[in-house]
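To start, the structure itself, in structure tokens.
The values are calculated or read from the model by the stated rules, or taken from the named source; none is laboratory data. Worth saying up front: this structure is predicted, and the values here are computed from it rather than measured. For neighbour counting, all protein chains shown are included, and Cβ atoms are generated from backbone atoms with ideal geometry for every residue, glycine included. What goes into the accessible areas is simple: the full protein's heavy atoms, side chains included, and nothing from ligands, DNA or RNA. Shrake-Rupley method; radii C 1.70, N 1.55, O 1.52, S 1.80 Å.
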Amino acid sequence: GRRSGVSKPNIYRYFESREEILLWLMVDEFESLVNELETVFAQAPPTPAYLADRLAESFLARPLLCRLLGMSAAILEHNLSAQAIANAKTAILAPFSRLQARLNEALPWLSPDDAAWAVQTIALYVAGLWPAAHPSAAAKEVLARPEFAAFLPQAETDLTRFVAVVFAGLKDNG
């Protein structure tokens, strides 16, 4: 509110709580991600490996989106009305559908349902990966010990690999 010059009471005229504000920030960040990915998909040959790299890179370049994805179902949606959740999900449906369509065009062996599942699954993986890859100071200290190193994911490597495995699995099942 301070940065935009709007008072706190005025902000809450439009949003029922700070959780709703955060949900709308997530919608905006996801829209930005999809806009970028549509440009990326149009510029190069859409091989599964290339797409996996770009998807991972684009998600991880948006730390706010990654954090909010992790909070969405576990925290934000538990503190909102059904109408507020429905409004945000309605808004995210358009960019979600656009990303699904771009994936479906780039990887024609994906069915529309599989492309939608891939988008949802990748977002869910990001939601869990981000906090694990960015632990608290105390957890980071523990994970620096050699015996615990396997518990600290490498976000870009792991997300790229995960997306590639999702694509390969869907291709093999197709």
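Results, tabulated for the structure shown:
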quantity: Test set (1) acidic (Asp, Glu); (2) open to solvent by 70 Å² or more (accessible area, probe 1.4 Å); (3) modelled with pLDDT under 95 - GLU77 fails condition number; calculated: (2)
quantity: The one condition in (1) touching a Pro at 6+ places or on another chain (Cβ under 6 Å); (2) open to solvent by less than 30 Å² (accessible area, probe 1.4 Å) that ALA132 fails to fulfil; calculated: (2)
quantity: Output for region 23-62, where each listed residue is farther than 19 Å from GLN100 by Cβ, open to solvent by less than 50 Å² (accessible area, probe 1.4 Å) and in a helix (DSSP H, G or I); calculated: LEU23, LEU60
quantity: Residue among ALA168, ALA123, ALA116, ALA164 that is touching a residue at least 40 places away in the same chain (Cβ under 8 Å) and either crowded, with 18+ Cβ neighbours inside 10 Å or hydroxyl-bearing (Ser, Thr, Tyr) (or both); calculated: ALA123
quantity: Out of ARG102, ARG62, ARG18, ARG67, sole residue that is modelled with pLDDT under 90 and of a type in the set (D, E, K, R); calculated: ARG18
quantity: Every pair of residues 6+ apart whose Cβ atoms lie under 8 Å, when the first sits in region 40-58 and is without any contact (Cβ under 8 Å) to a residue 60 or more places away in the chain while the second is polar (S, T, N, Q) and open to solvent by less than 50 Å² (accessible area, probe 1.4 Å); calculated: VAL40/SER58
quantity: Failed item in (1) without any contact (Cβ under 8 Å) to a residue 24 or more places away in the chain; (2) buried (at least 18 other Cβ atoms within 10 Å of the Cβ), with ILE92 passing the rest; calculated: (1)
quantity: ASN104 vs. criteria outside any loop (DSSP other than H, G, I, E, B), polar (S, T, N, Q), more than 21 Å from THR157 (Cβ to Cβ) and out of contact with any helix residue (DSSP H, G or I) (no Cβ under 8 Å at 6 or more places or on another chain); calculated: no
